[in-house]
Amino acid sequence: MNADDTAVAPQLLAALRGRVDARFEAVKAAFIENLRIPSVKGEPACTAPYGAEVARALQHVRATAESLGLRAEVIDDRLVAADAGDAEPYVAAVPHVDVVPPGEGWTHPPFGAEVDGDRVYARGAADDKGAVFASLLAAAAIGDLLADGTLALPRRVRVLVGGDEESGMSCVQHYAARRPAPVFAFTPDGRWPAAQAERGRAEIHLEGDVPTSGELYVERLVAGLAANVVPASARGRLGGSEQGLAGASEALERYWDRNLQFTRTADGLELEAIGKGAHAAEAFTGDSAAVRLLRAVVAAEPDARKSWEKLLKLCDPTGGGLGLADYDPLSGATSSNLGLLSVDGGTLRMVFDVRYPVVRSPAWVAERTAKPVADAGLRRVAIRHMPALYHAIDGPLLSTVMAVYRAESDEGEPAFCMGGRTYASFVPNCVAVGAGMPGEQRGGIHSNDEYSTFTSLRRNAEILAHLLVRLAKTPLVDASG
Ligand SMILES: [Zn+2]
């Protein structure tokens with residue numbers, strides 16, 4: 001058998017495009033409706049584990065799928081499964097309908113879905129509701145051809161729309177624990193052609209003891225929103241004797257950092273540092289306010305300098321201080337972020353988010369961090385692992401994705417490694433592909449004025465339909481051998 005046996009015939013591709021065209025206006029209207037649902041994770045309720053708006057967005061997806069002739073159900077209020085065909089094993093597209101909060105700086109209302117020519121502006125337009133509706137459109141086109149006998153497939157085509165991608169991916173973990181796995185799947189939540197690998201992630205929780213009295217001591221530190229965000233602000237307070245605090249004040253006068261402010265109060269010294277937020281997968285593009293604060297403590301604390309310097313050393317964004325600096329050509333270099341820092345009641349806590357090359361394992365992380373952490377006088381309370389993900393380039397899933405990409409685009413980009421993590425971490429046999437057209441940069445995701453285009457919706461639906469049909473026929477073992 002050679003690879004061409006699963007190629008989709010040109011007349012079948014033309015028929016799929018015809019059905020995408022026929023269904024396009026209805027899907028475009030539903031896409032705009034859904035963009036007006038602010039599906040940010042909210043307070044859980046009994047039939048809405050991710051809050052009322054995510055539940056509403058999931059119900060809207062189900063109703064849209066049914067109106068397109070797909071068989072759809074909301075599974076345990078967490079995700080929607082919409083099927084074309086009824087063969088038992090299945091292949092799946094796995095986008096998500098939840099969105100991150102809009103944040104500041106929008107010139108278009110974030111849930112207004114304002115249309116300007118080919119563009120539509122809304123939180124979720126590019127991440128990832130465009131892909132939700134492109135996937136439904138693709139499945140509906142396939143469903144139409146199955147129904148009229150133009151197409152027969154040995155596997156069912158499923159669109160699985162998650163409701164909790166942005167904060168924990170519990171939706172697909174819930175699903176994977178209860179339902180049979182897809183034979184092949186992709187998550188259209190990245191860029192084309194495919195994420196061959198996703199770097200490993202380790203969330204490292206450390207704890208230590210610090211003095212709560214003396215001439216000068218760190219009474220309180222607090223920085224960070226989440227492990228995966230570089231802290232943009234940090235605060236602290238030093239306590240001690242009159243003499244100790246005066247000395248610290250003088251030391252900080254000499255220590256110059258424009259992004260650090262300190263204020264002497266009656267019985268302490270208040271510190272405040274400003275930095276720049278960034279994603280932990282690219283920690284070096286940010287500027288950690290937590291690290292600025294630790295540097296100021298080192299400058300202010302001559303007696304305890306050594307122990308604070310050891311803590312500071314752990315915070316190197318290359319991961320070097322934790323023993324995790326590494327590189328491979330596919331993954332690039334390690335990225336390490338001190339996401340959370342606190343001192344309270346004599347206990348110091350640090351949480352690091354480290355993204356490491358795909359050639360390394362959780363065991364490597366555990367082994368390498370033991371000594372640097374002990375040397376800094378800290379304890380490892382927990383390490384939460386998300387092992388690296390890697391797909392063989394000549395395996396059936398990735399070689400099919402690449403074949404479809406080459407047939408649909410003349411870009412010729414290679415598969416790449418992602419620093420962030422996707423549903424592919426939790427859905428078996430799943431790879432991350434593009435959320436829009438090949439060559440397209442996603443506009444404003446996790447930022448202001450997010451947008452997508454209707455051209456992108458239509459093109460992606462055509463490509464996803466092609467990919468779903470081909471995956472439904474791809475043999476499990478590598479056909480090239
Ligand atoms: Zn996404």
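Considered as a group, the residues in the stretch 1-46 that are within 16 Å of ALA407 (Cα to Cα) and without any contact (Cβ under 8 Å) to a residue 60 or more places away in the chain include one that is most open to solvent (accessible area, probe 1.4 Å), and that residue is GLN11. Condition test on GLY85, is it away from the ligand (no atom under 16 Å from the Cβ) and closer than 23 Å to ARG178 by Cα? Answer is yes for this residue. Scanning the stretch 444-481 for residues that are open to solvent by 10 Å² or more (accessible area, probe 1.4 Å), within 16 Å of the ligand (Cβ to nearest atom) and of a type outside the set (A, V, I, L, M, F, W, C) turns up GLY444, HIS446, SER447, TYR451, SER452.
Only one entry of ALA424, ALA403 meets the criterion of being under 12 Å from GLY190 (Cβ atoms), at pLDDT 90 or above and outside any loop (DSSP other than H, G, I, E, B), and that entry is ALA424. For the stretch 163-183, a residue qualifies if it is out of contact with any Ser or Thr (no Cβ under 9 Å at 6 or more places or on another chain) and of a type outside the set (A, V, I, L, M, F, W, C), and the qualifying residues are GLU166, SER167, GLY168, SER170, GLN173, HIS174, TYR175, ARG178, ARG179, PRO180, PRO182. Residues of the stretch 93-124 that are closer than 20 Å to GLN59 by Cβ and within 16 Å of the ligand (Cβ to nearest atom): ALA93, VAL94, PRO95, HIS96, VAL97, ASP98, VAL99, ALA122, ARG123, GLY124. Taken over the stretch 136-169, the residue count meeting the criterion of being more than 16 Å from the ligand (Cβ to nearest atom) and open to solvent by 10 Å² or more (accessible area, probe 1.4 Å) is 14.
Here the stretch 402-423 is the region considered, the condition is being among the aliphatic types (A, V, I, L, M) and within 21 Å of the chain's Cα centre (by Cα), and the residue that is most open to solvent (accessible area, probe 1.4 Å) is MET418. Checking the stretch 357-372 against the condition returns no match, with no residue being in contact with a His (Cβ under 8 Å, 6 or more places away or on another chain) and within 24 Å of GLY275 (Cβ to Cβ).
Residue by residue, here is whether (1) touching a Phe, Trp or Tyr at 6+ places or on another chain (Cβ under 6 Å); (2) under 14 Å from SER342 (Cα atoms); (3) surrounded by fewer than 17 Cβ atoms within 10 Å (Cβ to Cβ) holds:
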| position | (1), (2), (3) |
| --- | --- |
| GLU219 | no, yes, no |
| VAL230 | no, no, no |
| GLY236 | no, yes, no |
| GLU242 | no, no, yes |
| SER249 | no, no, yes |
| ALA278 | no, no, no |
| ASP287 | no, no, no |
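Could we say that VAL172 is buried (at least 19 other Cβ atoms within 10 Å of the Cβ), under 26 Å from TYR356 (Cβ atoms) and at pLDDT 95 or above here? Against the criterion (buried (at least 19 other Cβ atoms within 10 Å of the Cβ), under 26 Å from TYR356 (Cβ atoms) and at pLDDT 95 or above), VAL172 qualifies. Every listed requirement among (1) part of a strand (DSSP E or B); (2) modelled with pLDDT of 95 or more is met by ILE463 save one, (1).
Taken together, the residues in the stretch 373-400 that are assigned to a helix (DSSP H, G or I) and crowded, with 18+ Cβ neighbours inside 10 Å amount to 6.
The values are calculated or read from the model by the stated rules, or taken from the named source; none is laboratory data. Note that the coordinates shown come from a computational prediction; the quantities given were computed from them, not determined experimentally. Note that each Cβ is placed from the backbone with ideal geometry, even for glycine, and that neighbours are counted across all protein chains shown. Areas reflect the complete protein model, heavy atoms only, side chains present, ligands, DNA and RNA absent. Shrake-Rupley method; radii C 1.70, N 1.55, O 1.52, S 1.80 Å.
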